[in-house]
Amino acid sequence: MKKWIFKLLIIISFSSTASAQQGKQIDAVKVEFLTKKLDLSPEEAQRFWPVFNKYQKEIKQVINQRRSERIAFKNSGGAPVDEIKFESQILEIRKRYNKDFLQVLPAQKVAMIYPAEREFREKLIKELGERRHKQ
């Protein structure tokens, strides 16, 4: 656990690098974190990561669409963003992928995916917040 925090701090410390590169580095740390948290064997990891990557891609599309609508609302003053619509889309994606995850992992590990993902996000936000306060 301390290793991944150290790696995360190193990644964050290179703030002058391109954000795309940072995103890839953060994704690499996330892969390591989730692999350890879910205690994936090499065989499980080989089956799990392609499914998880598809899941993440779909979630990111919904988040980007919501972000675009928020920006459009702020810039044009049009209709407000329907947050419930986006949260419902995310929930439907999670339900669908939960079934897919059950095809590649045991139920005990599938039950840990979303909490582990949330834990990673919370730790990342905390680390970024601490870094900003130090500057």
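The values are calculated or read from the model by the stated rules, or taken from the named source; none is laboratory data. Quick caveat, the model's predicted, so the values are computed rather than measured. Glycine also receives a Cβ, built like all others from the backbone with ideal geometry; neighbour counts cover every protein chain displayed. What goes into the accessible areas is simple: the full protein's heavy atoms, side chains included, and nothing from ligands, DNA or RNA. Shrake-Rupley method; radii C 1.70, N 1.55, O 1.52, S 1.80 Å.
Only protein atoms count toward the accessible area here, which uses a 1.4 Å probe; on the chain, the carbon and sulfur part of that area reaches 57 percent. Of the residues LYS37, LYS109, LYS54, the one that moves most in a GNM of the chain with alpha-carbon contacts below 10 Å is LYS54. Couplings for region 56-72, taken from phi via the Karplus curve 6.51 cos²θ - 1.76 cosθ + 1.60 with θ = phi - 60°, read 4, 4, 5, 4, 4, 4, 5, 5, 5, 5, 4, 4, 4, 5, 5, 5, 4 Hz in order; Gly and Pro are left as x. Charge tally around ASN64: other residues with Cβ under 13 Å, Lys/Arg +1 each, Asp/Glu -1 each, net +3. Under the Kirkwood approximation applied to all pairs of distinct alpha-carbon atoms, what is the hydrodynamic radius of region 66-133 in Å? Radius from the Kirkwood sum: 14.9 Å. Centroid-to-centroid, using Cα positions, region 32-48 and region 71-135 are 20 Å apart. Checking the Cα-Cα distances for LYS24/LYS74; LYS37/LYS109; LYS54/LYS95; LYS99/LYS123; LYS99/LYS126; LYS60/LYS134 against a 20 Å cut-off, the pairs over it are LYS24/LYS74; LYS99/LYS123; LYS99/LYS126; LYS60/LYS134. With the alpha-carbon atoms of the chain aligned to their principal axes, the span from lowest to highest coordinate is 50, 41, 21 Å, starting with the largest. Projecting label points 7 angstrom from Cα along Cα→Cβ for ARG121 and ASN98 puts them 1.6 nm apart.
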